[in-house]
Amino acid sequence: MSEEGRPGPAGPTGPTGPTAEGAAAPHAARWAAELAAWAIPEEILRQAPAPPHRFPPELFRADRRPKGPRPALDRAREALDPGDSVLDVGCGGGGASLALVPPATRLIGVDAQPSMVDAFTEAAAHAGVGARAHLGTWPDIAPEVGPATVAVAFGLAYNVADLATSVVALDAHAGRRCVLELTDRHPAVDLAPLWRHFWDLDRPAGPTAGLAREVVREAGLDARLEVPAPTPHAPADPSVVVAFTRTRLCLPPSADAELARLLAAEPPRPVRRCALWWPTTDT
(Lines give C-alpha, C1' and ligand atoms only; values in the text may rest on other atoms or scores of the structure.)
Protein backbone atom coordinates (compact mmCIF):
# COMPACT_ATOMS: atom_id res chain seq x y z
CA MET A 1 0.00 0.00 0.00
CA SER A 2 1.19 2.70 0.04
CA GLU A 3 3.81 6.35 -0.23
CA GLU A 4 1.30 6.94 2.56
CA GLY A 5 -0.73 3.92 1.90
CA ARG A 6 -3.63 3.55 -0.43
CA PRO A 7 -6.55 5.28 1.16
CA GLY A 8 -9.81 5.47 -0.70
CA PRO A 9 -12.91 7.41 0.21
CA ALA A 10 -14.77 4.21 1.05
CA GLY A 11 -11.97 1.68 1.43
CA PRO A 12 -12.06 -1.94 0.28
CA THR A 13 -14.81 -3.03 2.63
CA GLY A 14 -16.76 0.22 2.67
CA PRO A 15 -17.27 2.14 5.90
CA THR A 16 -20.30 1.55 8.03
CA GLY A 17 -21.88 3.70 10.66
CA PRO A 18 -21.62 3.21 14.43
CA THR A 19 -22.96 -0.13 15.62
CA ALA A 20 -24.99 -1.04 18.65
CA GLU A 21 -21.68 -1.44 20.44
CA GLY A 22 -20.91 2.24 19.90
CA ALA A 23 -21.70 3.15 23.50
CA ALA A 24 -19.15 0.59 24.69
CA ALA A 25 -16.59 1.51 22.03
CA PRO A 26 -16.98 5.24 21.37
CA HIS A 27 -13.66 5.65 19.58
CA ALA A 28 -14.42 2.80 17.18
CA ALA A 29 -17.86 4.28 16.50
CA ARG A 30 -16.36 7.69 15.83
CA TRP A 31 -13.77 6.15 13.49
CA ALA A 32 -16.49 4.41 11.47
CA ALA A 33 -18.58 7.57 11.31
CA GLU A 34 -15.68 9.74 10.16
CA LEU A 35 -14.78 7.27 7.42
CA ALA A 36 -18.43 7.06 6.37
CA ALA A 37 -18.35 10.83 5.81
CA TRP A 38 -15.92 10.17 2.91
CA ALA A 39 -18.57 8.38 0.87
CA ILE A 40 -18.78 9.83 -2.64
CA PRO A 41 -22.29 11.01 -3.57
CA GLU A 42 -24.10 8.65 -5.93
CA GLU A 43 -24.61 11.35 -8.56
CA ILE A 44 -20.83 11.74 -8.82
CA LEU A 45 -20.14 8.00 -8.78
CA ARG A 46 -22.54 7.51 -11.68
CA GLN A 47 -20.38 9.84 -13.76
CA ALA A 48 -17.07 8.18 -12.84
CA PRO A 49 -15.36 6.67 -15.91
CA ALA A 50 -13.49 4.20 -13.66
CA PRO A 51 -13.86 2.87 -10.10
CA PRO A 52 -12.34 5.57 -7.84
CA HIS A 53 -10.87 3.10 -5.35
CA ARG A 54 -8.51 1.23 -7.65
CA PHE A 55 -4.82 1.96 -7.32
CA PRO A 56 -1.97 1.89 -9.85
CA PRO A 57 0.80 -0.55 -8.84
CA GLU A 58 3.35 1.93 -10.26
CA LEU A 59 2.85 4.14 -7.20
CA PHE A 60 3.28 1.28 -4.74
CA ARG A 61 6.34 -0.58 -5.89
CA ALA A 62 8.74 -1.90 -3.29
CA ASP A 63 11.57 0.47 -2.35
CA ARG A 64 14.13 -1.20 -0.13
CA ARG A 65 15.77 2.17 0.54
CA PRO A 66 12.81 4.28 1.71
CA LYS A 67 13.53 7.98 2.06
CA GLY A 68 12.73 10.19 5.02
CA PRO A 69 11.85 9.19 8.59
CA ARG A 70 9.85 5.95 8.71
CA PRO A 71 9.47 5.03 12.38
CA ALA A 72 7.11 2.20 11.42
CA LEU A 73 9.94 0.46 9.58
CA ASP A 74 12.25 1.08 12.54
CA ARG A 75 9.77 -0.43 15.02
CA ALA A 76 9.20 -3.48 12.81
CA ARG A 77 12.89 -4.02 12.09
CA GLU A 78 13.96 -3.86 15.73
CA ALA A 79 11.55 -6.71 16.56
CA LEU A 80 13.03 -9.04 13.92
CA ASP A 81 15.87 -11.51 14.20
CA PRO A 82 17.66 -13.05 11.21
CA GLY A 83 15.41 -15.60 9.57
CA ASP A 84 12.16 -14.24 10.98
CA SER A 85 8.97 -13.75 8.99
CA VAL A 86 6.75 -10.76 8.19
CA LEU A 87 3.03 -10.66 7.46
CA ASP A 88 2.28 -7.65 5.24
CA VAL A 89 -1.44 -6.81 5.15
CA GLY A 90 -2.34 -4.48 2.33
CA CYS A 91 1.03 -5.41 0.86
CA GLY A 92 0.79 -3.49 -2.40
CA GLY A 93 4.06 -4.03 -4.21
CA GLY A 94 5.86 -5.01 -1.01
CA GLY A 95 6.91 -1.52 0.02
CA ALA A 96 6.78 -2.41 3.73
CA SER A 97 7.89 -6.02 3.93
CA LEU A 98 10.68 -5.90 1.32
CA ALA A 99 12.24 -3.04 3.28
CA LEU A 100 12.52 -5.47 6.21
CA VAL A 101 14.67 -7.96 4.26
CA PRO A 102 17.08 -8.62 5.90
CA PRO A 103 16.69 -9.52 8.73
CA ALA A 104 13.39 -11.10 7.64
CA THR A 105 13.73 -13.93 5.11
CA ARG A 106 10.10 -15.04 4.74
CA LEU A 107 7.17 -12.86 3.69
CA ILE A 108 3.41 -13.30 3.62
CA GLY A 109 1.46 -10.73 1.61
CA VAL A 110 -2.26 -9.96 1.65
CA ASP A 111 -4.01 -7.55 -0.70
CA ALA A 112 -7.50 -7.18 -2.14
CA GLN A 113 -6.30 -6.01 -5.56
CA PRO A 114 -4.96 -8.67 -7.97
CA SER A 115 -2.45 -6.33 -9.60
CA MET A 116 -0.96 -5.57 -6.19
CA VAL A 117 -0.62 -9.25 -5.33
CA ASP A 118 1.15 -9.77 -8.66
CA ALA A 119 3.49 -6.83 -7.97
CA PHE A 120 4.28 -8.18 -4.49
CA THR A 121 5.05 -11.66 -5.83
CA GLU A 122 7.27 -10.28 -8.58
CA ALA A 123 9.16 -7.99 -6.19
CA ALA A 124 9.79 -10.81 -3.72
CA ALA A 125 11.00 -13.12 -6.48
CA HIS A 126 13.31 -10.41 -7.83
CA ALA A 127 14.76 -9.96 -4.33
CA GLY A 128 15.20 -13.71 -3.90
CA VAL A 129 12.94 -13.81 -0.86
CA GLY A 130 10.57 -16.64 -0.01
CA ALA A 131 7.04 -15.24 -0.17
CA ARG A 132 3.44 -16.35 -0.21
CA ALA A 133 0.66 -14.08 -1.40
CA HIS A 134 -3.06 -14.13 -0.58
CA LEU A 135 -5.73 -12.32 -2.57
CA GLY A 136 -8.51 -11.11 -0.32
CA THR A 137 -9.82 -8.49 2.08
CA TRP A 138 -8.54 -8.33 5.64
CA PRO A 139 -9.75 -9.58 8.08
CA ASP A 140 -12.14 -11.76 6.03
CA ILE A 141 -9.20 -13.74 4.67
CA ALA A 142 -7.39 -13.98 8.02
CA PRO A 143 -8.33 -17.66 8.65
CA GLU A 144 -6.46 -18.61 5.45
CA VAL A 145 -3.29 -16.73 6.40
CA GLY A 146 -0.49 -18.20 8.46
CA PRO A 147 1.31 -16.58 11.40
CA ALA A 148 4.47 -14.48 11.29
CA THR A 149 6.96 -13.01 13.71
CA VAL A 150 5.92 -9.43 12.96
CA ALA A 151 2.75 -8.18 11.25
CA VAL A 152 2.77 -4.88 9.39
CA ALA A 153 -0.02 -2.95 7.70
CA PHE A 154 1.04 0.21 5.90
CA GLY A 155 -2.05 2.02 4.70
CA LEU A 156 -4.63 -0.37 6.13
CA ALA A 157 -6.14 1.90 8.76
CA TYR A 158 -7.85 4.49 6.58
CA ASN A 159 -9.32 1.75 4.39
CA VAL A 160 -11.32 -0.11 7.03
CA ALA A 161 -14.29 1.10 9.01
CA ASP A 162 -14.08 -1.69 11.59
CA LEU A 163 -10.50 -0.93 12.56
CA ALA A 164 -10.76 -2.73 15.89
CA THR A 165 -11.62 -6.07 14.31
CA SER A 166 -8.83 -5.67 11.77
CA VAL A 167 -6.12 -4.96 14.33
CA VAL A 168 -7.26 -7.74 16.67
CA ALA A 169 -6.96 -10.18 13.75
CA LEU A 170 -3.53 -8.74 12.98
CA ASP A 171 -2.48 -9.21 16.59
CA ALA A 172 -3.60 -12.84 16.49
CA HIS A 173 -1.26 -13.52 13.55
CA ALA A 174 1.89 -11.90 14.98
CA GLY A 175 4.21 -13.61 17.40
CA ARG A 176 6.10 -10.55 18.56
CA ARG A 177 4.87 -7.17 17.32
CA CYS A 178 2.31 -5.43 15.11
CA VAL A 179 3.15 -2.19 13.29
CA LEU A 180 0.82 0.07 11.33
CA GLU A 181 1.97 3.00 9.26
CA LEU A 182 -0.52 5.77 8.56
CA THR A 183 -0.36 9.45 7.84
CA ASP A 184 -1.21 11.85 10.64
CA ARG A 185 -4.58 12.54 9.02
CA HIS A 186 -6.62 10.91 6.26
CA PRO A 187 -4.51 11.45 3.12
CA ALA A 188 -7.53 12.32 0.98
CA VAL A 189 -7.85 15.54 2.98
CA ASP A 190 -5.24 16.96 0.61
CA LEU A 191 -7.66 16.52 -2.28
CA ALA A 192 -10.32 18.73 -0.67
CA PRO A 193 -9.50 21.82 -2.81
CA LEU A 194 -9.78 19.70 -5.96
CA TRP A 195 -13.13 18.25 -4.92
CA ARG A 196 -14.39 21.79 -4.40
CA HIS A 197 -12.93 22.97 -7.70
CA PHE A 198 -14.36 20.20 -9.89
CA TRP A 199 -17.50 19.16 -8.00
CA ASP A 200 -18.26 21.97 -5.52
CA LEU A 201 -18.11 19.30 -2.82
CA ASP A 202 -16.78 19.77 0.70
CA ARG A 203 -14.77 16.92 2.20
CA PRO A 204 -14.16 15.87 5.83
CA ALA A 205 -11.02 16.59 7.86
CA GLY A 206 -10.72 13.26 9.71
CA PRO A 207 -10.10 10.67 10.93
CA THR A 208 -6.57 10.99 12.29
CA ALA A 209 -3.72 8.82 13.52
CA GLY A 210 -4.49 9.94 17.06
CA LEU A 211 -8.01 8.56 16.81
CA ALA A 212 -6.64 5.31 15.35
CA ARG A 213 -4.45 4.92 18.43
CA GLU A 214 -7.48 5.29 20.69
CA VAL A 215 -9.41 2.68 18.66
CA VAL A 216 -6.56 0.18 19.02
CA ARG A 217 -6.24 0.86 22.74
CA GLU A 218 -9.99 0.52 23.12
CA ALA A 219 -9.65 -2.95 21.54
CA GLY A 220 -7.38 -3.96 24.42
CA LEU A 221 -4.00 -3.55 22.70
CA ASP A 222 -1.14 -1.53 24.19
CA ALA A 223 -0.69 0.78 21.20
CA ARG A 224 1.95 3.51 21.00
CA LEU A 225 1.95 6.28 18.38
CA GLU A 226 5.07 7.94 16.96
CA VAL A 227 4.65 11.06 14.83
CA PRO A 228 7.82 12.00 12.91
CA ALA A 229 8.85 15.28 11.37
CA PRO A 230 7.19 15.96 8.02
CA THR A 231 9.00 15.06 4.79
CA PRO A 232 8.21 15.92 1.17
CA HIS A 233 6.40 13.38 -0.96
CA ALA A 234 8.64 10.99 -2.85
CA PRO A 235 8.93 12.00 -6.52
CA ALA A 236 6.70 10.08 -8.89
CA ASP A 237 5.91 10.11 -12.60
CA PRO A 238 3.65 13.19 -13.00
CA SER A 239 1.48 11.45 -15.59
CA VAL A 240 0.85 8.54 -13.20
CA VAL A 241 0.02 10.95 -10.37
CA VAL A 242 -2.40 12.88 -12.59
CA ALA A 243 -4.12 9.70 -13.76
CA PHE A 244 -4.39 8.38 -10.21
CA THR A 245 -5.78 11.66 -8.88
CA ARG A 246 -8.22 11.93 -11.76
CA THR A 247 -9.55 8.44 -11.00
CA ARG A 248 -9.95 9.24 -7.32
CA LEU A 249 -11.86 12.41 -8.22
CA CYS A 250 -14.19 10.52 -10.62
CA LEU A 251 -13.05 12.71 -13.53
CA PRO A 252 -12.72 11.89 -17.25
CA PRO A 253 -9.33 11.94 -19.05
CA SER A 254 -10.33 15.25 -20.61
CA ALA A 255 -9.70 16.86 -17.19
CA ASP A 256 -6.02 15.87 -17.16
CA ALA A 257 -4.58 19.15 -18.40
CA GLU A 258 -6.50 21.25 -15.89
CA LEU A 259 -5.75 18.77 -13.12
CA ALA A 260 -2.02 18.81 -13.92
CA ARG A 261 -2.04 22.60 -13.76
CA LEU A 262 -3.78 22.63 -10.37
CA LEU A 263 -1.48 19.97 -8.93
CA ALA A 264 1.60 21.87 -10.09
CA ALA A 265 0.27 25.14 -8.63
CA GLU A 266 -0.35 23.61 -5.20
CA PRO A 267 2.04 20.73 -4.44
CA PRO A 268 0.93 18.31 -1.73
CA ARG A 269 1.84 19.18 1.84
CA PRO A 270 4.74 17.32 3.44
CA VAL A 271 3.66 13.98 4.83
CA ARG A 272 4.06 12.57 8.34
CA ARG A 273 4.25 8.76 8.18
CA CYS A 274 3.31 7.78 11.72
CA ALA A 275 4.01 4.48 13.45
CA LEU A 276 1.21 2.88 15.45
CA TRP A 277 2.59 -0.25 17.08
CA TRP A 278 2.23 -2.62 19.99
CA PRO A 279 3.72 -5.84 21.38
CA THR A 280 1.39 -8.73 20.63
CA THR A 281 -0.78 -10.11 23.37
CA ASP A 282 1.28 -13.33 23.45
CA THR A 283 4.58 -11.45 23.93
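The values are calculated or read from the model by the stated rules, or taken from the named source; none is laboratory data. Everything quoted here is computed from the prediction, not taken from an experiment. Don't worry about glycine lacking a Cβ; one is built from the backbone with ideal geometry, like all the others, and counts go over all protein chains shown. Remember, those area values only see protein heavy atoms, side chains included, never the ligands or the DNA or RNA. Shrake-Rupley method; radii C 1.70, N 1.55, O 1.52, S 1.80 Å.
What to note about this one:
Every residue, every condition in (1) surrounded by 19 or more Cβ atoms within 10 Å (Cβ to Cβ); (2) among the β-branched types (V, I, T); (3) in contact with a helix residue (DSSP H, G or I) (Cβ under 7 Å, 6 or more places away or on another chain), yes or no:
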residue	(1), (2), (3)
R176	no, no, no
H197	no, no, yes
T208	yes, yes, no
L225	yes, no, yes
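- Taken as a whole, segment 249-260 holds no residue that is polar (S, T, N, Q), touching a strand residue (DSSP E or B) at 6+ places or on another chain (Cβ under 7 Å) and open to solvent by 40 Å² or more (accessible area, probe 1.4 Å).
- Selection of segment 152-168 for residues being surrounded by fewer than 24 Cβ atoms within 10 Å (Cβ to Cβ) and polar (S, T, N, Q) yields only T165.
- No other residue among D202, D171, D190 is among the acidic types (D, E), touching a helix residue (DSSP H, G or I) at 6+ places or on another chain (Cβ under 7 Å) and either open to solvent by less than 70 Å² (accessible area, probe 1.4 Å) or over 27 Å from P71 (Cβ atoms) (or both) apart from D202.
- D74 meets the stated requirement of being open to solvent by 30 Å² or more (accessible area, probe 1.4 Å) and at pLDDT 90 or above.
- Boolean, A133 is open to solvent by less than 10 Å² (accessible area, probe 1.4 Å) and in a strand (DSSP E or B): no
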